[in-house]
Amino acid sequence: MNSNGEMENNVFWHGSTIKKEDWERQHGHKSIIIWFTGLSGSGKSTIANGLQHKLFEKNISVYLLDGDNLRHGINKNLSFSAEDRQENIRRTAEIGKLFVDAGIVVIAALISPFEKERLNARALFKQGEFIEVYIKCSLQECENRDPKGLYKKARKGEIIHFTGIDQPYEEPRNPEIIIDTNKLSIDKSVEILLDYLFDKIRLELNIKE
């Protein structure tokens, strides 16, 4: 990179003889990224895990990128400031793109509070490859659940930049799916997602178009 942080012209993309379509045929299904967004405590990780399990049972090659788990590794140097959240989303989306290029179904579960960053993530993928799922839940209900005790800490000022308390959450404008966990159980949420993937997306390649 130069002094401005820009990539020098002597870095070139090296193409692969194996294309995404080749990987998809080998796996027997399309590859997409399913991007879960929503407040902490809304049920993102639980639903994502349930969906991953059901897809695995159906012989779908699937991998879950959970926001908290990523912060134990590749994103462990990032804070929860707006700037670092942006980088958190960028890295996760780039990793997801590698998985999609390898023919795998990716589930990404992150708060991802800002619309701009979610749109930037979507822009990395081809039309139809990025499925945004808004796990909708009221702030009051998320606080009532508070499975990790984070809202209580945020209210006491022990955690700063906490989404919903001292940092905003921007609801998705045009998500492919809205799952309202104020009303829906985990099992029903997973069932709705499975129906969408197999009936509308037609995930399996052996389904006639």
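Taken together, the values in this text are just the output of simple stated rules run on the coordinates, not laboratory data. If you're wondering where the values come from, they're calculated on a predicted model, not measured in any experiment. Here the Cβ is made from the backbone with ideal geometry for all residues, glycine too, and neighbour counts use every protein chain on show.
Å³ per residue of the Cα convex hull, for region 119-209? Mind dumping the intermediate values first?
Details: hull volume 12.1 nm³, N = 91.
Measuring per residue, one finds 133 Å³ for the Cα hull of region 119-209.
Ranked by Cβ crowding within 10 angstrom, fewest neighbours first, how are Phe114, Phe12 ordered?
The order, fewest Cβ neighbours first, is Phe12, Phe114.
Between Asp180 and Glu115, the distance separating the two model label sites (each 7 Å from Cα on the Cα→Cβ line) works out to 2.0 nm.
If the chain linking Leu194 and Lys126 were pulled fully straight, counting 0.36 nm for each residue of separation and taking away their Cα-Cα distance, it would gain 22.4 nm.
Extension gain, Glu21 to Lys148, is 41.6 nm, computed as 0.36 nm per intervening residue step minus the present C-alpha separation. Computed over the chain, relative contact order equals 31 percent, with contacts defined as Cα pairs under 8 Å that lie 6+ residues apart.
With the simple model of a label 7 Å out from the Cα in the direction of the Cβ, Leu78 to Leu139 spans 2.3 nm.
Expressed to the nearest 5 percent, the antiparallel share of DSSP beta bridges inside the chain is 5 percent. Please list, short to long, the whole-number percent of alpha-carbon pairs of region 20-200 in consecutive 5 angstrom bins beginning at zero. Histogram of Cα-Cα distances, whole percents per bin: 1, 8, 17, 22, 21, 16, 9, 4, 2, 0, 0. Counted by Cβ distance under 12 Å from Gly149, the other residues give a net charge of +3, where Lys and Arg count +1 and Asp and Glu count -1. For the pair Glu204 and Glu87 in one chain, pulling the backbone fully straight at 0.36 nm per residue adds 38.8 nm over the alpha carbon distance. Taking 7 Å steps out from each Cα toward its Cβ at Glu171 and Glu57 produces label points 3.2 nm apart. Exceedance of the 19 Å cut-off in Cα-Cα distance is limited, within the set Lys20/Lys126; Lys19/Lys97; Lys19/Lys126; Lys19/Lys200, to Lys19/Lys200.
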